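Engineer: Sharing a structure below in structure tokens format, with a few things to ask.
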Amino acid sequence: MAKHRWVMLLSLVIAITMVLSSCTTPTPAPAEPQIIEKEVTRVSEVIVKETVEVPKEVEKEVTPEPVDRTGAWLDTVVVIEEPSADAAVNRMETGEIDVYAYQVTSPDVARMVEESDKLSFTRSFGSYNELTFNPAGPEFADGRLNPFSSAKIREAMNILIDREYIAKELMGGMAVPRWLPLNNASNDYAALADVARKIEFQYAYNKDKAQEAISAEMEALGAKLVDGKWTYNGSPVEIILLIRTEDERRDIGDYVANQLEDIGFTTVRDYKTGAEASPIWTRGDPTEGKFSIYTGGWVTTVVPRNLADNFAFFYTDMGLPYLLWQQYKNDPAFYELAQRLENNDFKNLAERREMMAEALEMAMKDSNRIFLVDEASITPARNEVQVAADLYGGVGGAWLWPVTLRRAGEVGGSMTIGLPSILPEPWNPLAGSNWIYDMMLIRGTGEIALMYDPYTGLVWPQRIEKADVVIEEGLPVGKTHDWVNLEFAPKIEVPEDAWVDWDPVAQKFLTAGEVYTETATALRKSVVYYPADLYETSKWHDGSNLSVGDFVMGMILTFDRAKEESKVYDANAVPEFDSFMSAFKGVKITSVDPLVIETYSDLYQLDAEMSVTDWWPYYNQGEGSWHVLTMGLLAEEAGEMAYTAAKAQENDTEWTSFIAGPCMDLLSAHLTEAISTTFVPYAPTFSEFVSEDEVAERYANLQEWYRTRGHFWVGTGPYYLERAFPVEGTVILRRFLDYADPATKWERFAAAPIADVELDGPGMVNQGKEAVYEVWVEFNDAPYPADDISEVKYLLFDSAGELAVVDAAAMVEEGLYEIKLTSEQTAKLAEGSTRLEVVVVSKTVAVPSSAALQLVVAK
């Protein structure tokens, strides 16, 4: 029964979102994408026809009394590799594993967890599966034809695949079909439901239609169908499917191979684990043709307030600095539109909607990847485990897991986390591993200035004091929290002394006065005020104090690596930089101590909170101090390694790793040299912000850190990396004693306040007679605070399944609402079975709650 409840639950979330969007004006609020490769590396029915039973999940009491403890609740976290979810459940039953930090979609595993008296789970909606195509060609380097070099064939693949079959049969009902680069259970999908439905109908499964389109294009590419098999220059056209083996993607890969074989292709099924597949599709040269299709899996780790930048991420070279992404060639109009959407380059919500609708159509024509299903996932844990789980990213994707993970009511101790894979790729902050397995641990050792709310996707101050956001008048920006001040202005001018570009030869910033011929303006100004004691209370794990130099290094690296004249130029950094520069107007450090930074840009978000640019030294793949990053830069300049996998592949060097492998000796050698010369990176600029004493102290601290720890991974987070054992599949994290925050700071997020809703009233309704129903809304057996509820809405369907009434329930008292079906409303109902649903939308949780009653209408 578990699998049926789970697909019903996800379908209900989608249906509710769509119905509510049709009744109100949607106001999507963008945020940065938090899309992570689930393995290596951001609907069906509007009418719900069955009662949804919500299975048990983790609901822990937070600690009622203050605790004199800083940082993490645990002393030690041991992370081990366990590829099998079945085995992980058994190991949790015996206490060998405490949390399996993976979004499990197996209905059998879900049933095992639900039936266990020792285990519980949290649920999440952010995981999804897709097919990643290799678009190189039309021929690979060895002369083989690559059918997926053709956008027309990639587009036709959408209708060759039966997504309903995958969701219901291959995934046991733990998923719903997905066609678009928008999570089904999202505001953006709801706002574009009419467009989405049209596209889904257009690209519905039709094998004959797909075969016809693919055949026409294959012939245009010069291929011939001989005895039912496609050939090219006399040889069979082979499709190499890189198929993941750890989960449902093995079955998906086999299904796709069968479909391709049925229409004349010869397939090679290359079964690989995540670690085995990664070097092929993320680091390999696509032109060598070592794979044609990869069975991809992703997780959006933060509740998405905006998915408009998914087009740039998934379809263009702006997405990731991998060789595969650099093969993406798009219709110029689609590329420009994707870039504009990434930068929120629109004047109002109506224009945004038009742009999104057009981009969805273009994305299907492009189809560098095609989406298959959204998963209904669980993260299992032992009953005594207390941890914040993101409603999209689960435990593994939650930014708050390291500061909330504990045994309920206990302080200290150790826990063991199981993950399907351990250390599949190198760690480096600029362009290291993007696997969810790695990123979970990286987040545990790092810090961000603004913390993501795991239930709404908005941000809260973590390391900043406050922020001002100034927006050009007329733009659709609002705010929710008081820590940010929102103002509007008719014109926002960029100061002449603001930094707007970078000279990689002189190693100096260029100011607005030097670059612009007239006073520049921006659509947004962000001012961030850091705490007065920032440099004293924030420490790197090696004992170094945070300094303004860490921020300046981030500003420099934003520009330098994308400049051809730079000593560490990386062509793979250019697309992301170009996208950044299309909106960036300037940055200015107005005060060093206390630190205050102004940023000017044409990129704004609909939430003022998400429009704050903080410049905290957290890069794409982790936190980085200026002195550790310098060691990597020196090694890259020497041609020994490269921050991006693509550049390392191109130059036949090491992909920079700060945790293990041959990079350790190389980095150590450069550290020794830097100490002997008191080396200052980018000295013409950097020496203005760091003293000789700081340089010497930082290098000495790092040398001692490396001597005792054997690696260069240094963050400021609640845990530090004690040891990493890639071969053994083990990572050990220890509590960082100098972490300043009290352990109780984020405990309010220990359990998602998803409302429990009960609908009570008569099961029979007489035509033309009033009927009254009570709606009880609670959390943890207490009334749900009315101030935290956005709306309690009810939906009445007639016997034909059509929506007859949508209205708001009236509040009687805290936790109790009333629905009155008037005599006029019931008079219009035909005799027979009908359905009443109630939807509770919380201000503190992005996922709505619901309840339903099946009614009989009589005369």
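The values are calculated or read from the model by the stated rules, or taken from the named source; none is laboratory data. Just so it is clear, the structure is predicted and the values come from calculations on it, not from any experiment. Every residue, glycine among them, receives a Cβ derived from its backbone with ideal geometry; neighbour counts consider all protein chains shown. For the accessible areas, the whole protein counts, side chains as well, though only heavy atoms, and no ligand, DNA or RNA atoms are used. Shrake-Rupley method; radii C 1.70, N 1.55, O 1.52, S 1.80 Å.
Engineer: Any idea which residue in the range 160-173 is farthest from Gln327 (Cα to Cα), counting only those that are surrounded by 20 or more Cβ atoms within 10 Å (Cβ to Cβ) and modelled with pLDDT of 95 or more?
Structural biologist: Step by step, filter the range 160-173, then rank; the result is Ile166.
Engineer: Also: Kindly establish whether Val775 is modelled with pLDDT under 95 and surrounded by 15 or more Cβ atoms within 10 Å (Cβ to Cβ). Write out each step before concluding.
Structural biologist: Values: modelled with pLDDT under 95: no; surrounded by 15 or more Cβ atoms within 10 Å (Cβ to Cβ): yes.
Considered against the rule, which asks whether it is modelled with pLDDT under 95 and surrounded by 15 or more Cβ atoms within 10 Å (Cβ to Cβ), Val775 comes out as no.
Engineer: Also, quick follow-up: Restricting to the range 743-781, count the residues that are within 30 Å of Thr70 (Cβ to Cβ) and not β-branched (Val, Ile, Thr).
Structural biologist: 12
Engineer: I would also like to ask the following. Quick one: in the range 340-366, which of the residues that are open to solvent by 40 Å² or more (accessible area, probe 1.4 Å) and assigned to a loop (DSSP other than H, G, I, E, B) is nearest to Leu131 (Cα to Cα)?
Structural biologist: So the residue we want is Asp345.
Engineer: Turning to a different aspect of this structure: Given the condition over 20 Å from the mean Cα position of the chain (by Cα) and open to solvent by less than 10 Å² (accessible area, probe 1.4 Å), answer yes or no: does some residue in the range 382-402 qualify?
Structural biologist: Quick first cut of the range 382-402, residues over 20 Å from the mean Cα position of the chain (by Cα) only: 382-386.
Checking which are open to solvent by less than 10 Å² (accessible area, probe 1.4 Å) leaves us with 385-386.
Scanning the range 382-402 turns up at least one residue that is over 20 Å from the mean Cα position of the chain (by Cα) and open to solvent by less than 10 Å² (accessible area, probe 1.4 Å).
Engineer: Please list, ordered by first then second residue, the pairs with beta carbon atoms under 7 Å, 6 or more apart or interchain, first in the range 778-795 and open to solvent by less than 40 Å² (accessible area, probe 1.4 Å), second of a type in the set (Gly, Ala, Ser) and part of a strand (DSSP E or B).
Structural biologist: Filtered contacts from the range 778-795: Ile789/Ser842; Val792/Ala808; Lys793/Ala808.
Engineer: Of the residues Ile464, Ile422, which is at pLDDT 95 or above and of a type in the set (A, V, I, L, M)?
Structural biologist: Numbers: Ile422 fails: at pLDDT 95 or above.
From the options Ile464, Ile422, the qualifying one is Ile464.
Engineer: Every residue in the range 699-709 that is out of contact with any Phe, Trp or Tyr (no Cβ under 7 Å at 6 or more places or on another chain) and open to solvent by 30 Å² or more (accessible area, probe 1.4 Å), please.
Structural biologist: Ala700, Asn701, Gln703, Glu704, Arg707, Thr708, Arg709
Engineer: Restricting the search to the range 564-591, which residues are in a loop (DSSP other than H, G, I, E, B) and either touching an Asp or Glu at 6+ places or on another chain (Cβ under 7 Å) or buried (at least 19 other Cβ atoms within 10 Å of the Cβ) (or both)?
Structural biologist: Narrowing the range 564-591 to residues in a loop (DSSP other than H, G, I, E, B): 564-570, 582-583.
Residues satisfying the conditions are Ser566, Lys567, Val568, Asp570, Ala583.
Engineer: Scan the range 747-791 for residues that are of a type in the set (Asp, Glu) and under 40 Å from the mean Cα position of the chain (by Cα) and jot them down. Explain how you work it out, then say what you get.
Structural biologist: First, pick out the residues of the range 747-791 that are of a type in the set (Asp, Glu): 747, 756, 758, 760, 770, 774, 778, 781, 787-788, 791.
Within the range 747-791, Glu747, Asp756, Glu758, Asp760, Glu774, Glu778, Asp781, Asp787, Asp788, Glu791 meet the criteria.
Engineer: Are any residues in the range 833-859 of a type in the set (A, V, I, L, M) and either within 17 Å of Glu814 (Cβ to Cβ) or under 31 Å from the mean Cα position of the chain (by Cα) (or both), and if so, which ones?
Structural biologist: Of the residues in the range 833-859, the ones of a type in the set (A, V, I, L, M) are 836, 838-841, 845-847, 851-853, 855-858.
Passing the criteria: Val838, Val839, Val840, Val841, Val845, Ala846, Val847, Ala851.
Engineer: Further, regarding this structure: Can you tell me which residues in the range 514-530 are over 23 Å from Glu688 (Cβ atoms), open to solvent by less than 30 Å² (accessible area, probe 1.4 Å) and assigned to a loop (DSSP other than H, G, I, E, B)?
Structural biologist: Once the filter is applied, which keeps residues that are over 23 Å from Glu688 (Cβ atoms), open to solvent by less than 30 Å² (accessible area, probe 1.4 Å) and assigned to a loop (DSSP other than H, G, I, E, B), the range 514-530 yields Ala520, Ala522, Leu523.
Engineer: So, one more: Determine if the range 602-614 includes at least one residue that is within 21 Å of Asp501 (Cα to Cα), more than 20 Å from the chain's Cα centre (by Cα) and surrounded by 24 or more Cβ atoms within 10 Å (Cβ to Cβ).
Structural biologist: Among the residues of the range 602-614, not one is within 21 Å of Asp501 (Cα to Cα), more than 20 Å from the chain's Cα centre (by Cα) and surrounded by 24 or more Cβ atoms within 10 Å (Cβ to Cβ), which makes the answer no.
Engineer: Could you name every one of the helices (runs of 4 or more DSSP H) located completely within the range 609-725 that has at least 3 residues being of a type in the set (Phe, Trp, Tyr)? Give the derivation first.
Structural biologist: Details: elements: 626-637, 645-651, 663-677, 683-686, 692-709.
Of the helices (runs of 4 or more DSSP H) lying wholly inside the range 609-725, those with at least 3 residues that are of a type in the set (Phe, Trp, Tyr) span 692-709.
Engineer: I'd like to verify a number: residues in the range 710-754 that are surrounded by fewer than 17 Cβ atoms within 10 Å (Cβ to Cβ) and among the polar types (S, T, N, Q), how many?
Structural biologist: Residues in the range 710-754 being surrounded by fewer than 17 Cβ atoms within 10 Å (Cβ to Cβ) and among the polar types (S, T, N, Q): 1 in total.
Engineer: Does Ala696 satisfy the criteria of being aliphatic (A, V, I, L, M) and surrounded by fewer than 19 Cβ atoms within 10 Å (Cβ to Cβ)? Even if it seems obvious, please write down each step before you answer.
Structural biologist: Details: aliphatic (A, V, I, L, M): yes; surrounded by fewer than 19 Cβ atoms within 10 Å (Cβ to Cβ): yes.
Judged against the criteria, Ala696 is a match.
Engineer: Out of all the residues in the range 251-269, which are touching an Asp or Glu at 6+ places or on another chain (Cβ under 6 Å) and crowded, with 17+ Cβ neighbours inside 10 Å?
Structural biologist: Initial filter on the range 251-269 (touching an Asp or Glu at 6+ places or on another chain (Cβ under 6 Å)): 266-268.
If the condition is that a residue be touching an Asp or Glu at 6+ places or on another chain (Cβ under 6 Å) and crowded, with 17+ Cβ neighbours inside 10 Å, then Thr267 is the only one that fits.
Engineer: Of Lys290, Lys224, which residue is charged (D, E, K, R), surrounded by fewer than 20 Cβ atoms within 10 Å (Cβ to Cβ) and in contact with a Gly (Cβ under 6 Å, 6 or more places away or on another chain)? Before you say what the answer is, go through the steps one by one.
Structural biologist: Working: Lys224 fails: in contact with a Gly (Cβ under 6 Å, 6 or more places away or on another chain).
When all the criteria are applied, what remains is Lys290.
Engineer: Any residue in the range 490-519 that is within 24 Å of Tyr569 (Cα to Cα) and modelled with pLDDT under 95 sitting within a Cβ distance under 9 Å of a residue that is open to solvent by 30 Å² or more (accessible area, probe 1.4 Å) and not in a loop (DSSP other than H, G, I, E, B)? List the pairs, counting only those 6 or more apart or interchain.
Structural biologist: Hits for this filter: zero, empty list.
Engineer: List the number of the failed condition for Ala191; all other conditions in (1) at pLDDT 95 or above; (2) surrounded by 23 or more Cβ atoms within 10 Å (Cβ to Cβ); (3) not charged (D, E, K, R) hold.
Structural biologist: The single condition Ala191 does not satisfy is (1).
Engineer: So, in the range 67-101, how many residues would count as being surrounded by 16 or more Cβ atoms within 10 Å (Cβ to Cβ), β-branched (Val, Ile, Thr) and over 19 Å from Thr730 (Cβ atoms)?
Structural biologist: Number of matching residues: 2.
Engineer: State which residue is modelled with the lowest pLDDT when the search covers only the range 102-142 and only residues that are farther than 27 Å from Tyr322 by Cα, assigned to a loop (DSSP other than H, G, I, E, B) and open to solvent by 20 Å² or more (accessible area, probe 1.4 Å).
Structural biologist: Looking at the filtered set, the residue picked out is Ser106.
Engineer: Right, something else. State all residues of the range 270-279 that are among the polar types (S, T, N, Q) and open to solvent by 20 Å² or more (accessible area, probe 1.4 Å); if no residue qualifies, say none.
Structural biologist: Filtering the range 270-279 for residues among the polar types (S, T, N, Q) gives 273, 278.
Scanning the range 270-279 gives a single hit, Thr273.
Engineer: Kindly provide the set of residues from the range 467-513 that are on the phi > 0 side of the Ramachandran plot and either surrounded by 15 or more Cβ atoms within 10 Å (Cβ to Cβ) or among the β-branched types (Val, Ile, Thr) (or both), ordered by number.
Structural biologist: Here is the first cut: in the range 467-513, the ones on the phi > 0 side of the Ramachandran plot are 474, 507.
Passing the criteria: only Gln507.
Engineer: Within the range 467-489, restricting attention to residues that are of a type in the set (Gly, Ala, Ser) and at pLDDT 95 or above, which residue is farthest from Tyr529 (Cα to Cα)? Spell out how you get there, then give the answer.
Structural biologist: Initial filter on the range 467-489 (of a type in the set (Gly, Ala, Ser)): 467, 474, 478, 489.
After this cut, where a residue has to be at pLDDT 95 or above as well, the list is 467, 489.
Details: Ala467: 6, Ala489: 20 Å.
Looking at the filtered set, the residue picked out is Ala489.
Engineer: Hey, any hits in the range 635-644 for a residue that's surrounded by 21 or more Cβ atoms within 10 Å (Cβ to Cβ) and on the phi > 0 side of the Ramachandran plot?
Structural biologist: Looking through the range 635-644, none of the residues is surrounded by 21 or more Cβ atoms within 10 Å (Cβ to Cβ) and on the phi > 0 side of the Ramachandran plot.
Engineer: Check off (1) surrounded by fewer than 22 Cβ atoms within 10 Å (Cβ to Cβ); (2) β-branched (Val, Ile, Thr); (3) over 27 Å from Val176 (Cβ atoms); (4) over 31 Å from the mean Cα position of the chain (by Cα) for Val237 and give me the number that stays unchecked.
Structural biologist: (1)
Engineer: Considering the range 459-482 alone, what residues qualify as being in a loop (DSSP other than H, G, I, E, B) and over 11 Å from Val612 (Cα atoms)?
Structural biologist: Filtering the range 459-482 down to residues in a loop (DSSP other than H, G, I, E, B) leaves 462-465, 473-477, 479-482.
Within the range 459-482, Gln462, Arg463, Glu465, Glu473, Gly474, Leu475, Pro476, Val477, Lys479, Thr480, His481, Asp482 qualify.
Engineer: Continuing with this model, one more query. Across the range 434-466, which residue is farthest from Val628 (Cα to Cα) among those that are open to solvent by 10 Å² or more (accessible area, probe 1.4 Å) and β-branched (Val, Ile, Thr)?
Structural biologist: In this case the residue turns out to be Thr456.
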